[in-house]
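Have a look at the structure below, then the notes.
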Amino acid sequence: MILPSRELILPSRRTFIKSAAAVLIASPAIVRAQGPILPGPGLPVASGGGYVGPGDIASGAAHFYGVYAYNAAYATGSTPSVNIQDGSAGNGLTLNILTSGFLDTSAMSAWITAHGTPYVSKIWDQIGTDHIVTSTSLPSLVLSDLGSLPAIDFTAGQYLNYSASLALVQAFTLITVARRVTVASLGMIVGDSSATGLFFDGSGVVAMYAQGGVWDFASGATEGNYHSIQGLFAGASSKGAVDGTVNSTVTTNPGTNNLTAAAFNNTGFHSLSRIMSFGLYATDKSASFAAISANDHSVLGF
């Protein structure tokens, strides 16, 4: 086994301007650990041959959206993941999660051959009925972005948002697997339309914000690579994690705002990223952050 390498990320300071208010941000010094080198591209198989999703590691999520199953129980072969359509809002198709735990990419590939670029019109809530459907500019679904696995591709102005109210009161937890395609100063990955959520910030920086300050809780997240990201939103007691490294030293209080909806890449700060999943817990799941990340890396193969 190739052991993880470690490097010390030194503090950095810069200024973020939002709503005409300048917020001085200090990135905390943290030690980042690179995960184990895993097998190359191809359909990933969990250890022991059975699918293990994030919900098998940390149960009790309120909502989960993704191109793979929340848990093994959802991997029935007939459970929906995303709806796709062509550029004229025609030829709609629901893509299901297979018994392997992953999206039916054979059906997706056949659809692409017949109709061209697939645009995502709906992401199914794998736990409840709060499906994400609202958008004025639909993102596309990329067939093979992480090995053979697809991802939702967000460019400027594209987002998906749950239109009705959704209340998660702090302390709550958000988890995601995502990568940034184009570096920008600040862009939401997942959260809600009021800008409470997880963000990519400056180059290699991951942050959280809840109507307080922008807390850059991780530095050195390699641009263009996928990352397993988790955040506990609990004001001054918040915690953030990237690829198994947990930071609980809050240098800038992200705020105490509650989550009012579920959104990919919403608000005016678009992250220009590709996102594979988004999970929401109404409770503190920070004790499981490292285990969630280890499973993400093992099962998804990054």
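Taking the conditions exactly as written (of a type in the set (Ser, Thr, Tyr) and touching a residue at least 60 places away in the same chain (Cβ under 8 Å)), does residue 165 satisfy them or not?
For residue 165, the condition - of a type in the set (Ser, Thr, Tyr) and touching a residue at least 60 places away in the same chain (Cβ under 8 Å) - is met.
Check residue 82 against each of (1) over 21 Å from residue 274 (Cβ atoms); (2) in a strand (DSSP E or B) and name the one condition it does not meet.
Checking residue 82 against (1) over 21 Å from residue 274 (Cβ atoms); (2) in a strand (DSSP E or B), the one that fails is (1).
Could you check residue 87 against (1) in a loop (DSSP other than H, G, I, E, B); (2) within 26 Å of residue 53 (Cβ to Cβ); (3) in contact with a strand residue (DSSP E or B) (Cβ under 8 Å, 6 or more places away or on another chain) and say which number it fails?
All conditions are met except number (2).
Residue 222 is checked against (1) free of Cβ contacts under 8 Å to residues at least 60 places away in the same chain; (2) in a loop (DSSP other than H, G, I, E, B); (3) in contact with a strand residue (DSSP E or B) (Cβ under 6 Å, 6 or more places away or on another chain) and fails just one. What number does that condition carry?
Result: residue 222 fails condition (3) only.
Might you check whether a residue that is small (Gly, Ala, Ser), free of Cβ contacts under 8 Å to residues at least 12 places away in the same chain and on the phi < 0 side of the Ramachandran plot occurs anywhere in region 130-142?
No; the residues of region 130-142 include none that is small (Gly, Ala, Ser), free of Cβ contacts under 8 Å to residues at least 12 places away in the same chain and on the phi < 0 side of the Ramachandran plot.
How many of the residues making up region 197-214 are among the hydroxyl-bearing types (Ser, Thr, Tyr) and not in a strand (DSSP E or B)?
Residues in region 197-214 being among the hydroxyl-bearing types (Ser, Thr, Tyr) and not in a strand (DSSP E or B): 1 in total.
Suppose the filter is surrounded by fewer than 18 Cβ atoms within 10 Å (Cβ to Cβ), at pLDDT below 85 and either in a strand (DSSP E or B) or of a type in the set (Gly, Ala, Ser) (or both); does residue 194 pass it?
On the way: surrounded by fewer than 18 Cβ atoms within 10 Å (Cβ to Cβ): yes; at pLDDT below 85: yes; either in a strand (DSSP E or B) or of a type in the set (Gly, Ala, Ser) (or both): yes.
Spelling it out, residue 194 is indeed surrounded by fewer than 18 Cβ atoms within 10 Å (Cβ to Cβ), at pLDDT below 85 and either in a strand (DSSP E or B) or of a type in the set (Gly, Ala, Ser) (or both).
Look through 217, 278 and report the one residue that is within 14 Å of the chain's Cα centre (by Cα) and not in a loop (DSSP other than H, G, I, E, B).
Of 217, 278, the one residue that is within 14 Å of the chain's Cα centre (by Cα) and not in a loop (DSSP other than H, G, I, E, B) is 278.
Scan region 59-78 for residues that are in contact with a strand residue (DSSP E or B) (Cβ under 8 Å, 6 or more places away or on another chain) and crowded, with 16+ Cβ neighbours inside 10 Å and jot them down.
Taking region 59-78 first, the residues in contact with a strand residue (DSSP E or B) (Cβ under 8 Å, 6 or more places away or on another chain) are 60-70, 74-78.
61, 62, 63, 64, 65, 66, 67, 68, 69, 70, 74, 75, listed by residue number.
Could you list, ordered by first residue, the pairs with Cβ atoms under 8 Å in which the first is in region 105-118 and more than 12 Å from residue 86 (Cα to Cα) and the second is in a loop (DSSP other than H, G, I, E, B) and of a type in the set (S, T, N, Q), at least 6 apart or interchain?
Listed by first residue and then by second, the contacts come to 105/148.
Please verify whether residue 152 is more than 22 Å from residue 300 (Cα to Cα) and within 16 Å of the chain's Cα centre (by Cα), treating the condition exactly as stated.
Values: more than 22 Å from residue 300 (Cα to Cα): no; within 16 Å of the chain's Cα centre (by Cα): yes.
Answer is no for this residue.
Picking from 173, 113, which residue would you name as being within 14 Å of the chain's Cα centre (by Cα) and among the hydroxyl-bearing types (Ser, Thr, Tyr)?
173
Does residue 231 qualify as being part of a strand (DSSP E or B) and either of a type in the set (Asp, Glu) or more than 17 Å from residue 151 (Cβ to Cβ) (or both)?
Considered against the rule, which asks whether it is part of a strand (DSSP E or B) and either of a type in the set (Asp, Glu) or more than 17 Å from residue 151 (Cβ to Cβ) (or both), residue 231 comes out as yes.
Residues being surrounded by fewer than 19 Cβ atoms within 10 Å (Cβ to Cβ), over 17 Å from residue 70 (Cα atoms) and out of contact with any Ser or Thr (no Cβ under 6 Å at 6 or more places or on another chain): count how many of those fall in region 122-142.
Result for region 122-142: 4.
The values are calculated or read from the model by the stated rules, or taken from the named source; none is laboratory data. Since we're looking at a predicted model, the values are computed, not measured. With ideal geometry, Cβ positions are generated from the backbone for all residues, glycine too; neighbour counts draw on all protein chains shown.
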